Amino acid sequence: MFQNLSLLKVMQTKETEAMNLIINKAIPIAISIGDHELIGGLYKNVALLFYNSHDFSKAIEYCNLAESFLSKLKKQTPQSNGIMGEVLLLKAECLMRKDKLPEAKIELNKTYSIIKNYPESNFHSLYLSNLGYYQMKQKNYPEALKTFDLGLQNAEKYKNTNIAERIKLFKHQIYQDLKNFKQSNNILKEVYQKTSYKRTKQEVMREFFKNYTALKDTAKANLYATEYINSLDSINNISIHKNIALLEAKYRKAEDEKKIAWLYTEKTKKQMEVSKKNSYLWLLSLALLSFIGLLIFLYIIYRKNKKLSEQKEINLQQKIEDIKQKEELSLTKAILDGEERERERIARDLHDGLGGMLAGVKINFSVWSSSHLNPEKDQEFYKILGQLDNSVSELRHVARNLMPESLLNFGLETALHDLCEFYSRKNLEIDFQAIDIDKALPLNIQLNIYRIVQELLANAIKHAEASSILLQCSQSGESFLITIEDNGKGFDKNIEKTTKSMGLRNLKNRVNYLKGKMEINSDHQGTTINIELNIHGE
């Protein structure tokens, strides 16, 4: 029931509710009754949700889980084979999206070994769409088109409209790559007229813009660019993807808590065994009181067993603490990684997608105005064109702030220097000092340090009203030291206890993630914050 309800939520584009139903309702029930086929199908649905949010690594992870449970079935049925085929094809496409073509080919071959036994199945259309995509990724366009045509025939035979749309969009990509924009546009028009999915319509409008831009048809390119921009719902998508990641992290946490409960059960069993053993020893001691030598010997054994039990209990407690710490670290890492993936995805969408479109519109207007307008007579138009240019610059500035290119290209020291220059103002001086920063630091460590400094500068500028800031970053062995001083009005160090204070909370989360320490000294003359991080904290 919950599985069908989750599929309905996916069709209604309510991915967060679907994920919640699967991991908190359906999977625990399926595990409790030991239905491996059902468990495999549910993990496949989780993988599909991550695929829809473009987290292909997570999708592959859950495809592997689904495959492992389906492989445990003692008897394979057409239904279980169908589920296994869907899992293998989803995994193959995720691998192709990550450009791992040899691994994807292995999954395609495994799928064919299953579906070849069902020649009249409509499952062939899904397999052929993925095989054609594999050939398309290899630039073997003639063979890919033949494969897509076979898949389209099968999809239309069984009235599988979703697969038919998918194959047509793949064919459009081939014609677009071959610069046959007329054939590409014909396919896009057909898909747009027949589809009922908002996301498919958005994708078609974006592709129309690309084609008409290449054809230098300014009017139609601007029309489809405007329609595409108006249809975007980025805030909702960000919330969906973040909620899916948080739900999955909570599910992992629940699984770890089950392991802790199992360890406690084992501990109780061992204590009962020790208690029982001690009782026998005391009875035997009383019965053999006359044999002093034997009593001493048994007492020595008892003492050794007790020490061993105590040591085992200490080890068990330590193991439980280690699991708790790993679970907390895993949850923090999942949240931070999810935030960084969302920042990277939004930055890429803004810079390469929306930024590219606005830049294309601006270029088209510039080309058109140079031959149709007079700069002196049509000053209002050129004023609007300048505003559009400023909008493009501001959008790309936002994208760089979400995912700093200088960090990826030139390293932490250069990125921090650029960050200080960005925050500098006419009435604000920022003095940045870098000492022995290793350029070979792992990228995730550099990124976390960058976010910490970014939060420190933002807080100092937003709340302190300072006119001078000193930022010093230095590295010594496995320690990374950050010191920031300002001459602002200061703040109450206990503010996070009385307000939400998300800035300080996020800052402490990142410091704790790197197993660091933070010291804050603040009064009416200014604030000093010292942070020491372990660069091998992970």
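The values are calculated or read from the model by the stated rules, or taken from the named source; none is laboratory data. Since this is a predicted model, take the numbers as computed values, not measurements. Backbone-built Cβ (ideal geometry, glycine too); neighbour counts: all protein chains shown. Note: accessible area is taken over every heavy atom of the protein model, side chains too, but ligands, DNA and RNA are not part of it. Shrake-Rupley method; radii C 1.70, N 1.55, O 1.52, S 1.80 Å.
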*asked:* What figure, in Å² to the nearest 10, do you get for the accessible area of His124 with a 1.4 Å probe and non-protein molecules left out?
replied: 40
*Would you kindly state how much longer the chain becomes between Leu388 and Asp149 on full extension, computed as 0.36 nm times their sequence separation minus their alpha carbon distance, in nm to one decimal?*
81.7 nm
*asked:* Suppose R0 equals 41 Å. What FRET efficiency, 1/(1 + (r/R0)^6) with r the Cβ-Cβ distance, do Lys508 and Lys220 give to the nearest 0.05?
replied: 0.20
*asked:* Cβ neighbours within 10 Å, averaged per peptide: list 130-138, 278-286 in order, most packed at the top.
replied: 130-138, 278-286
_Stretch gain in nm, segment Lys319-Lys439, where the contour uses 0.36 nm per residue and the Cα spacing is subtracted_ = 39.6 nm
*With N residues in region 92-243, what two-decimal value do you get for its Cα radius of gyration over 2.2 N^0.38 Å?*
1.14
*Tell me, what is the 1.4 Å probe accessible area of Thr16, in Å² to the nearest 10?*
40
*Solvent accessible area, Å² - Ser32, 1.4 Å probe, full protein context*: 90
*Beta carbons within 10 angstrom, averaged per residue: use that to sort the peptides 18-27, 293-302, 477-486, 449-458, highest first.*
18-27, 449-458, 477-486, 293-302
_What is the percent carbon and sulfur in the accessible area of region 132-226, measuring with a 1.4 Å probe over the protein chains and ignoring ligands?_
50
_Which entries of Lys72/Lys198; Lys462/Lys515; Lys75/Lys312; Lys25/Lys146; Lys116/Lys182; Lys179/Lys201 have Cα-Cα distances beyond 32 Å here?_
Lys72/Lys198; Lys75/Lys312; Lys25/Lys146; Lys116/Lys182
*Answer rounded, prolate or oblate for region 94-160, using the Cα gyration tensor with square roots of eigenvalues a ≥ b ≥ c: rounded when a/c is under 1.5, else prolate when a/b is larger than b/c, else oblate.*
oblate
*What do you get for Rg/Rh of region 35-143 when both radii come from the Cα atoms and Rh is the Kirkwood radius?*
0.97
*asked:* Per 0.36 nm of contour for each residue apart, how much would the distance between Gln379 and Phe491 grow if the chain were fully extended, relative to their Cα-Cα spacing?
replied: 35.4 nm
